Amino acid sequence: MLEATGLSKSYGGTVAVRDLTFTARAGRVTGFLGPNGAGKSTTMRLLLGLDAPTAGTAHIEGKPYRQLSDPLRTVGALLDATWRHPGRSARQHLRFLAATNGLPDRRADEVLELVGLSAVARKRAGTFSLGMLQRLGIATALLGDPRVLLFDEPVNGLDPEGVQWVRQLLHGLAEEGRTVFVSSHLLPEMEQTAQDLVVIGRGQLIYQGTMAEFVARAGSRGVRVRTPHAEALRNALTRQRVVFTEDSGAFLVSEMDSDAIGELAYAAGATLHELSPLAGSLEHAYLELTGQAAEFTSGGAR
């Protein structure tokens, strides 16, 4: 289990994390989300003892990282896939880490096979593609067979098959009873991977709970409408100043429920072939909840 309690971190006059409290449970994949500059990387560094908190505590299985008697067997992490000696082979990289942590050499070969790098085990890591480096980074995190795992953008650089493999891997690790904490900007992938969420903005907690509860909070995205009398419906919606867009021959209508749209279409003489609510999504819920917490935003067209 991972726990942050009142966690804060300042760099000079800049507050990166402010009074952050959350828990990531064993047996679950917990997604860690937030806009750029929200404090995600700083939080993960604090959890791993790479930075000292200004206030509060960060615990892994009840202890600060620096108090763990056997850290590699307790927690594994992938924060930077490019961290490796470019002149060493993948096997040498892992065997060096194994030797310095009291692990047998065979463990390096076991994790290389697990991540699909056995065929290139003797190649220098400096020649690896980003996707191969991601797999090597995951192998490094798994080397000590730890009970807690932290991953920052683990699917960056992977092809679709690799993305699916990571998703299945994370689910499998959680099913074994491990704590899996993963940060990613790929919201559609996170929606398929995480069971729980921790969402932060400007260094503060915005949400902690299940994925299902988070998506449900955003409610419906609107209603999808199809009609052979598009012009009549378009004019009716415009007169009522209803917000809508058109996509592939359908109207996507916001701020109006199905009953009201049906009545409006009937009055306009527009026969409807489809009138269906659009389910919420992680992306919709995330943008709705974090819109005011983004450090950097793009200006709209004028």
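For segment 215-258, how many residues meet the condition of being part of a strand (DSSP E or B), touching a residue at least 24 places away in the same chain (Cβ under 8 Å) and among the polar types (S, T, N, Q)?
Looking only at that region, the number is 0.
Scan segment 1-33 for residues that are without any contact (Cβ under 8 Å) to a residue 12 or more places away in the chain and among the small types (Gly, Ala, Ser) and report the count.
Taking segment 1-33 and keeping what is without any contact (Cβ under 8 Å) to a residue 12 or more places away in the chain, we get 11-14.
In the following step, the residues that additionally are among the small types (Gly, Ala, Ser) were identified as 12-13.
Matching residues across segment 1-33 total 2.
Which count do you get for residues in segment 34-54 that are among the aliphatic types (A, V, I, L, M), crowded, with 24+ Cβ neighbours inside 10 Å and at pLDDT 95 or above?
Qualifying residue count for the region: 2.
Given the options Thr82, Thr100, name the one that is in contact (Cβ under 8 Å) with a residue 12 or more places away in the chain and polar (S, T, N, Q).
None of the other options fit; the residue is Thr82.
Is there a residue being buried (at least 16 other Cβ atoms within 10 Å of the Cβ), more than 12 Å from the chain's Cα centre (by Cα) and not small (Gly, Ala, Ser) anywhere in segment 176-193?
As a first pass, look at segment 176-193 and keep what is buried (at least 16 other Cβ atoms within 10 Å of the Cβ): 178-184, 187, 189-191, 193.
Imposing the further condition that a residue be more than 12 Å from the chain's Cα centre (by Cα) reduces the set to 178-179.
Among the residues that remain, those that are also not small (Gly, Ala, Ser) are: 178-179.
Taking every residue of segment 176-193 in turn, at least one turns out to be buried (at least 16 other Cβ atoms within 10 Å of the Cβ), more than 12 Å from the chain's Cα centre (by Cα) and not small (Gly, Ala, Ser).
Could you say whether any residue in segment 235-255 is surrounded by fewer than 11 Cβ atoms within 10 Å (Cβ to Cβ), among the small types (Gly, Ala, Ser), at pLDDT below 85 and not assigned by TED's automatic domain parsing to the domain that holds Arg18?
There is at least one residue in segment 235-255 that is surrounded by fewer than 11 Cβ atoms within 10 Å (Cβ to Cβ), among the small types (Gly, Ala, Ser), at pLDDT below 85 and not assigned by TED's automatic domain parsing to the domain that holds Arg18.
Using the structure shown, decide if Leu169 is surrounded by fewer than 21 Cβ atoms within 10 Å (Cβ to Cβ), part of a helix (DSSP H, G or I) and in contact with a Leu (Cβ under 9 Å, 6 or more places away or on another chain).
yes
May I ask you to list the residues in segment 203-214 that are crowded, with 18+ Cβ neighbours inside 10 Å and either assigned to a helix (DSSP H, G or I) or modelled with pLDDT under 90 (or both)?
Those that are crowded, with 18+ Cβ neighbours inside 10 Å and either assigned to a helix (DSSP H, G or I) or modelled with pLDDT under 90 (or both): Met211, Phe214.
The values are calculated or read from the model by the stated rules, or taken from the named source; none is laboratory data. These numbers come from a predicted model, not from an experiment. Glycine gets a Cβ as well: all are built from the backbone with ideal geometry, and neighbour counts include every protein chain shown.
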